[in-house]
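Have a look at the structure below before the remarks.
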Amino acid sequence: MPTGKTPQGSPNDTRTLMTFIILAVLFTSILNMFLSAVTTRKVEEITYTQFLQMLEEKTVDSVEILEDRLVITQKSQQSPEEQGELHYFDGAQRYFTGRVDDPDLTQRLIEAGAEQYAPTQNNSPILSFITSWVLPFALIYALSSLIMRSVSKKMGGAGGPMSFGKNTAKIYAQKATGVTFADVAGQEEAKESLLEIVDFLHHSDKYTTIGAKLPKGALLVGPPGTGKTLLAKAVAGEAHVPFYSLSGSDFVEMFVGVGASRVRDLFKQAMENAPCIVFIDEIDAIGKSRDNQIGSNDEREQTLNQLLSEMDGFDASKGVVILGATNRPEVLDKALLRPGRFDRRVIVDKPDLKGREEILKVHGKDVKLDDDVDLHQVALATSGGVGADLANIVNEAALRAVRMGRSKVNQSDFMEAVEVIVAGKEKKDRIMTEQEKKIVAYHEVGHALATALQKNTQPVQKITIVPRTMGSLGYTMQMPEEERYLMSKEEILDQITTLLAGRSAEEIIFQTATTGASNDIERATALARSFVAQYGMSERFDMVGLESIQNKYLDGRSVRNCAEVTSAAVDEEVLRIIKECHEKALKLLQENKEALHRISAFLLEKETITGEEFMEILHQEPQKEE
Ligand code: ADP
Ligand code: MG
Ligand code: ZN
């Protein structure tokens, strides 16, 4: 993809250049003055008559004839033997006098036995100009560019030697993004709402003749990795217009006013290149609501104000459309969202099953797929995954195929890649003691059994006790048979029971508890809490909303909306649910202790078993009874 900095230099560049030149001239002048002060340190001015007198007295050792003056070096007062070897850096007294048009000068010098230095190399005007002006200039330039580069790097600017921090907005301009709607899968609704913008950029006259005003801006809202940035590029690609983008954090600098001037620059360039798309990524970095802040941020406020006034000021009929992206729409300032600014909201949500399959297809196009690849299965296994995850899974699968020395990616690569994304890479070299392995096996089979023995659960896909790099010592993978959007009360309770069954198995078999269950406990508790406080499923609190989620698109933490006392009561209710589910898990496993032993032994031997193998052993009638 062709990328580049904006072509034309801003007026600011000329200003910096001027500053630089003035500084360099000053510095060089001072340097020259200093140098001449040093070299003329021991030079004293005398009159021409005095000089002639010195010649008569034969005290002159040498005379240097310069353009405008004569520099006279006197014979040293030391012993006469050394006199001949004296030169002028040996501390002899030196004088100078103005150069008088004296045709007899050479004759006089010869008579006086003084050596004569005709124009020395110092006299070449070009050379002296170079040494005293050009060289220092070059030196200063090299130095300052070195310093500036490191400074601007620190400040996050991309400026070259001439940029002094300010206004080096990293405006990322692309003539053609090369991305089209075909590259964005599973976001049909979002694409549809953006189609109008594309059409507007194509035929803006069609709209203006009727008198229709098109939205100046649209805000792409959704969780990270769902393809917001990609969609914005696709809009530019579909409309064949240039794409100007800046990230919200680029605006926020340590100096007040920098952000605002970047906004100005961005809009100025965009207007010059209309029609085009201006994309402000992560707009919440500047668009944060101005109230409810402890200690307001001047810089951000100024930047935001500038953005607001630019959005009001520009003429939309020219065909400039501003797209913003954020995953925290609720923190945005109301002024940004009012009609005439980002008044359109395009939701870019996590893809559903079909969407995931399509995204996998889009990315699968770039790799060689084997015949056995079933992307539908992969999509099923990646519930909750976003576009970025899926792109990553396809790549991981391809990497694994290369590692395995295959020329095509097959289904096992995909399933392993899913696990790598979920749980990390296998850590075959980790050595666990036999006892630890046994505990992990029983723990995992506990989960799997609880799943299989309850009605409202998803089937087991795989059980493994091979440790993974992301900390798990083993895990039980479940896979839904179809995509689900709702979860019933019964399903939640069954899931909590399943989560607690791992530890329950440890308790039944080993009469102890290990740290391995911490993640299960965390998830079970969170579920139970939502059950009570968000989903209104407990009898005690009926349908009172006691908590709300803060950053919906960032899996944000919940905020309590109730009194301290009620909150304490919620904790009690959560405790009751956990206890009940724990009891249920213990009971289930006690009743099926024989199966627990049987399957755990099999798992210990095989280390990884599939869901089918699991079901087969589970339904095998115990041999003794037959
Ligand atoms: P966001 O800006 O929403 O955080 P990006 O647009 O940067 O996400 O997406 C990151 C990468 O994930 C993209 O470059 C693309 O490879 C992949 N991706 C995300 N969503 C999709 C999608 N809907 N279709 C195809 N690829 C996607
Ligand atoms: Mg993005
Ligand atoms: Zn567990």
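Does any residue of the stretch 463-472 turn out to be assigned to a loop (DSSP other than H, G, I, E, B), on the phi > 0 side of the Ramachandran plot and among the small types (Gly, Ala, Ser)? Within the stretch 463-472 (the criterion being assigned to a loop (DSSP other than H, G, I, E, B), on the phi > 0 side of the Ramachandran plot and among the small types (Gly, Ala, Ser)), the answer is yes, since at least one residue qualifies. Of the numbered conditions (1) among the charged types (D, E, K, R); (2) more than 16 Å from ligand 1 (Cβ to nearest atom); (3) not in a helix (DSSP H, G or I), Glu310 satisfies every one except a single condition; which is it? Of everything listed in (1) among the charged types (D, E, K, R); (2) more than 16 Å from ligand 1 (Cβ to nearest atom); (3) not in a helix (DSSP H, G or I), Glu310 misses just condition (3).
Across the stretch 420-442, the number of residues qualifying as away from ligand 1 (no atom under 16 Å from the Cβ) and out of contact with any strand residue (DSSP E or B) (no Cβ under 9 Å at 6 or more places or on another chain) comes to 14. Screening Glu483 against (1) of a type in the set (D, E, K, R); (2) assigned to a helix (DSSP H, G or I); (3) more than 22 Å from Arg598 (Cα to Cα) leaves a single unmet condition, (2). Cβ separations smaller than 8 Å between residues 6+ apart or across chains give the following pairs from the stretch 222-237 residues that are under 16 Å from Pro329 (Cα atoms) and of a type in the set (S, T, N, Q) to residues that are part of a helix (DSSP H, G or I) and more than 10 Å from ligand 2 (Cβ to nearest atom): Thr226/Gly387. Picking from residues in the stretch 184-213 that are of a type in the set (A, V, I, L, M, F, W, C) and under 21 Å from Ser317 (Cβ atoms), the one that is surrounded by the fewest Cβ atoms within 10 Å (Cβ to Cβ) is Ile210. Within the stretch 376-388, the residues that satisfy the criterion of being surrounded by 20 or more Cβ atoms within 10 Å (Cβ to Cβ) and either of a type in the set (A, V, I, L, M) or within 16 Å of ligand 2 (Cβ to nearest atom) (or both) are Val378, Ala379, Ala381, Val386, Gly387. The residue of the stretch 35-64 that is surrounded by the fewest Cβ atoms within 10 Å (Cβ to Cβ), among those that are at pLDDT below 80 and of a type in the set (Val, Ile, Thr), is Val38. Of the helices (runs of 4 or more DSSP H) lying entirely inside the stretch 181-290, those carrying at least 1 residues that are out of contact with any helix residue (DSSP H, G or I) (no Cβ under 9 Å at 6 or more places or on another chain) and away from ligand 1 (no atom under 15 Å from the Cβ) are 188-202, 204-210, 258-272. List the pairs whose first member sits in the stretch 266-293 and is at pLDDT below 85, whose second member is more than 16 Å from ligand 1 (Cβ to nearest atom) and basic (Lys, Arg), and whose Cβ atoms are under 6 Å apart, counting only residues at least 6 apart or on separate chains? So the pair list comes out as Ala274/Lys318; Ile286/Arg300.
For the stretch 204-223, does any single residue satisfy the condition of being under 21 Å from the mean Cα position of the chain (by Cα) and at pLDDT below 85? For the stretch 204-223, residues under 21 Å from the mean Cα position of the chain (by Cα) and at pLDDT below 85: absent.
This table checks each residue for (1) modelled with pLDDT of 95 or more; (2) among the aliphatic types (A, V, I, L, M); (3) touching an Asp or Glu at 6+ places or on another chain (Cβ under 8 Å).
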{"site": "Thr497", "(1), (2), (3)": "yes, no, no"}
{"site": "Arg523", "(1), (2), (3)": "no, no, no"}
{"site": "Ala526", "(1), (2), (3)": "no, yes, no"}
{"site": "Tyr535", "(1), (2), (3)": "no, no, no"}
{"site": "Tyr553", "(1), (2), (3)": "no, no, no"}
{"site": "Asn561", "(1), (2), (3)": "no, no, yes"}
{"site": "Ile577", "(1), (2), (3)": "yes, yes, no"}
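Specify which of the listed residues (Ala450, Ala401, Ala391) is away from ligand 2 (no atom under 16 Å from the Cβ), small (Gly, Ala, Ser) and not assigned by TED's automatic domain parsing to the domain that holds Arg484.
Ala401
Can Leu360 be described as buried (at least 23 other Cβ atoms within 10 Å of the Cβ) and either assigned to a strand (DSSP E or B) or in the same structural domain as Ala270 (by TED's automatic domain parsing) (or both)? Considered against the rule, which asks whether it is buried (at least 23 other Cβ atoms within 10 Å of the Cβ) and either assigned to a strand (DSSP E or B) or in the same structural domain as Ala270 (by TED's automatic domain parsing) (or both), Leu360 comes out as no. For Gly384, the conditions (1) over 30 Å from Ala513 (Cα atoms); (2) outside any helix (DSSP H, G or I); (3) in contact (Cβ under 8 Å) with a residue 40 or more places away in the chain all hold with the exception of (3).
Taking the conditions (1) crowded, with 20+ Cβ neighbours inside 10 Å; (2) polar (S, T, N, Q); (3) farther than 14 Å from Gly611 by Cα in turn, Thr476 satisfies each one other than (3).
The values are calculated or read from the model by the stated rules, or taken from the named source; none is laboratory data. A quick note: this is a predicted structure, and the numbers were derived from the prediction, not measured. So basically every Cβ, Gly included, is an ideal-geometry build from the backbone, and we count neighbours across all protein chains shown.
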